[in-house]
1. Which one of these does residue 70 not meet: (1) surrounded by fewer than 13 Cβ atoms within 10 Å (Cβ to Cβ); (2) modelled with pLDDT under 90?
2. Filter segment 22-56 for residues that are among the aliphatic types (A, V, I, L, M) and under 19 Å from residue 3 (Cα atoms); which is nearest to the chain's Cα centre (by Cα)?
Amino acid sequence: MGKRYSAKLKFQVVTELLRGDKSTAQVAKAYGIHPNTANAWKKTFLEKGPDIFAQDSIVAQYERRIAELEQLIGQKEVEIALLVRLASCRHERRPQATTAVCLKQDTTEPTSWLWSQSGRQWTANAVR
């Protein structure tokens, strides 16, 4: 197995090679590495250099996905709270629908919630 070098050392060697002040042989000798190794690091750096800056877009993608998931969690929390509230209310069963009568949290006005099997959703109607 070959010798391992730190990323910091590799970066120092490559930056010196890119400056062009010294030849590859001079830089390699100064750091105690083979010139072919120095050239391989330079080639890798030049090939993968754009990927370093692409990391920003990857992070932005993950941040957008996290925001979407946080919004979905918020929606699910609201749905769960609604279902818990409905479960604590009086329920009346019908063949294709379930009705629950509850008081709205912000008012004392009763609200009828109707569960639609076909639409798979709750709809609110004011009870009169």
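The values are calculated or read from the model by the stated rules, or taken from the named source; none is laboratory data. Everything quoted here is computed from the prediction, not taken from an experiment. Quick reminder, even Gly has a Cβ in these numbers, built from the backbone with ideal geometry, and neighbours come from all protein chains shown.
1. Failing condition for residue 70: (2).
2. For segment 22-56, the residue satisfying everything is 40.
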